[in-house]
Amino acid sequence: QVHLVESGGGLVPAGGSLRLSCAASGRTSSSYTMGWFRQAPGKEREFVACIMWSGGSTYYADSVKGRFTISRDNAKNTVYLQMNSLRPEDTAVYYCAADQEYYGSSWIEYDYWGQGIQVTVSS
């Protein structure tokens, strides 16, 4: 089992920045992929970014490319999502996810999920 806890959400004006953190515990390993997803009210869960623990390969959704950066600190078992130039359409509940075998954007492939954290961008 892998336990994920997100932190760092909140309310920010358009154009501002936030950094989300996802602390992982339990049976983590360097083979895991860590992902960030988001879900706005009335919309489907949407891929944001993912990173491999080992090697650090990253992959971003087009909607956040150039504005968001995913990174990891292996010593702290923590993954970060630095969000810059935030827009009102970035408002959503953000979820951290992990999977041992899958690397990609399909949320259904990820086995482990955090509880989610609200990010609200005011216009």
Among the listed residues Tyr32, Tyr80, identify the single one that is modelled with pLDDT under 95, of a type in the set (Phe, Trp, Tyr) and in contact with a strand residue (DSSP E or B) (Cβ under 8 Å, 6 or more places away or on another chain).
Tyr32
Which of the residues belonging to the stretch 92-103 are surrounded by fewer than 17 Cβ atoms within 10 Å (Cβ to Cβ) and touching a strand residue (DSSP E or B) at 6+ places or on another chain (Cβ under 7 Å)?
Tyr103
Collect the residues in the stretch 1-22 that are within 14 Å of Ile51 (Cα to Cα) and surrounded by fewer than 21 Cβ atoms within 10 Å (Cβ to Cβ), keeping them in residue-number order.
Ser21
Please determine, by comparing only the residues of the stretch 34-52 that are open to solvent by less than 30 Å² (accessible area, probe 1.4 Å) and under 13 Å from Tyr80 (Cα atoms), which one is nearest to the chain's Cα centre (by Cα).
Trp36
Among all residue pairs at least 6 apart or on different chains, which show Cβ distances below 7 Å where the first residue, located in the stretch 96-123, is more than 18 Å from Arg72 (Cβ to Cβ) and the second is among the aromatic types (Phe, Trp, Tyr) and crowded, with 16+ Cβ neighbours inside 10 Å?
Trp107/Phe37; Trp107/Phe47; Glu109/Tyr102; Gly116/Tyr94; Gly116/Tyr95; Val119/Tyr94
Hits in the stretch 53-76 (condition: at pLDDT below 95, of a type outside the set (A, V, I, L, M, F, W, C) and open to solvent by 50 Å² or more (accessible area, probe 1.4 Å))
Ser54, Gly55, Ser57, Arg72, Asn74, Lys76
When every residue in the stretch 4-29 that is more than 17 Å from the chain's Cα centre (by Cα) and under 15 Å from Asn74 (Cα atoms) is compared, the one modelled with the lowest pLDDT is Ser29
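The values are calculated or read from the model by the stated rules, or taken from the named source; none is laboratory data. These numbers come from a predicted model, not from an experiment. A quick note on method: Cβ atoms are made from the backbone with ideal geometry, for glycine too, and the neighbour counts reach across all protein chains shown. Note: areas computed on protein heavy atoms with side chains; ligands, DNA, RNA excluded. Shrake-Rupley method; radii C 1.70, N 1.55, O 1.52, S 1.80 Å.
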